[in-house]
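Participant: Please read through the structure below; I'll follow up with questions.
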Amino acid sequence: MNLPQKYWDELAEKYPRFDDTSIQKDAQFIFENSREFGINFEAKNIIDIGCGTGTLALNITEDYHKIEAIDTSSLMLERFANDIENLRKKDKIDLFCSSWDDFEITKRYDIAIASMTPAVSSVAQKMKFINCADFGIFVGWGEYKRNDILEILFAQIGINSSDAFGQAKRFASLLESKKIDFEFKYFESSWSDFHTLNDAIKYCRNHLHRFDKTASDEFLGQFLGQFEEDGKIKMTTNAQKGLVVFASK
């Protein structure tokens, strides 16, 4: 489903940054396997689609030539821009507030990245991504994502979240149908977040919205209160992600 801009802007408040331990672990796996496939990041033109807060772009360690990073959330990009400023990489990364559908491609890139983003979901969006660069890196959900508290909430409300996953496998299937050379690997990712009760209510409300469900703040407050300790609610997520690296040249 197409989520409103408010969803992504609210998500930006708690979205991890490039130096998050879990993000850095994922980035290491992604880039090490991309290099093994034959992708060289040094002095390359790169596009990062649905870049968020720059979690992958800022973890590329080579002296890359230029990254163009696009996202629809101005608040995500604001946090990305702050990290760019602090890391003194303003001459290396250009930010664009745009959807992938509206973004005009004026050149062919060396490498295209689309990681954990709904920006590359339809066949048309995927083909635009595939055809815009010589090499591509796609990261999507594997077969599951389990948040310890959301799982209980979903069961109470009657949500089956399994249909929301499998993006990486579907992308690999498209490449296979187009006879494009690729490698596909699953990897495990886990992280924990600590929320105030109000933040946890907002977090749960946003995730219910993804499945066209709603719940009152009173209900969510009562539900979440049982997990509160010392004014904080800890949520732990264990997920499977899929990495697809391909060559379209």
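Participant: Taking the simple approach of a point 7 Å from Cα along Cα-to-Cβ for both Lys14 and Thr61, what is their distance in nm?
Facilitator: 3.2 nm
Participant: Pop out the ³J(HN,Hα) list for segment 217-232 in order, Karplus 6.51 cos²θ - 1.76 cosθ + 1.60 with θ = phi - 60°, rounded to Hz; leave Gly and Pro as x.
Facilitator: My calculation for segment 217-232 gives 4, 5, 5, 5, x, 5, 5, 6, x, 5, 9, 7, 9, 6, x, 10 Hz in order.
Participant: Whole-Hz Karplus ³J(HN,Hα) for segment 127-135, in order, using 6.51 cos²θ - 1.76 cosθ + 1.60 and θ = phi - 60°, x for Gly and Pro?
Facilitator: Along segment 127-135, the couplings run 5, 4, 5, 4, 8, 8, 8, 6, 10 Hz.
Participant: Would you mind telling me which residue in Thr106, Thr61, Thr21 has the biggest mean-square fluctuation in a Gaussian network model of the chain, where springs connect alpha carbons within a distance under 10 angstrom?
Facilitator: Thr106
Participant: Put a dot 7 Å past each Cα toward the Cβ at Asp134 and Glu218; how far apart are the dots in nm?
Facilitator: About 6.3 nm separates the two model spin labels.
Participant: Explain nothing, just the number: relative contact order of the chain, from Cα pairs under 8 Å at least 6 residues apart, as a whole percent.
Facilitator: Contact order relative to length: 20 percent.
Participant: Can you give the FRET efficiency to the nearest 0.05 for Asp102 and Phe211, using r as the Cβ-Cβ distance and R₀ = 22 Å? Don't jump to the answer; show the numbers that get you there.
Facilitator: Numbers: r = 27 Å, r/R0 = 1.22.
Efficiency, rounded to the nearest 0.05: 0.25.
Participant: What does the charge dipole of segment 76-234 about its Cα centre add up to, to the nearest 20 debye, if the Cβ of each Lys and Arg holds +1 and the Cβ of each Asp and Glu holds -1?
Facilitator: The dipole magnitude comes to about 520 debye.
Participant: Let me ask another. Per residue and in cubic angstrom, what volume does the convex hull of the Cα atoms of segment 142-241 have?
Facilitator: Once divided by residue count, the hull of segment 142-241 is 99 Å³.
Bear in mind that the values in this text are calculations on the coordinates, not laboratory data. Just so we're clear, the structure is a prediction, and the values are computed from it rather than from any experiment. All Cβ positions, glycine included, derive from the backbone under ideal geometry; neighbour counts span all protein chains shown.
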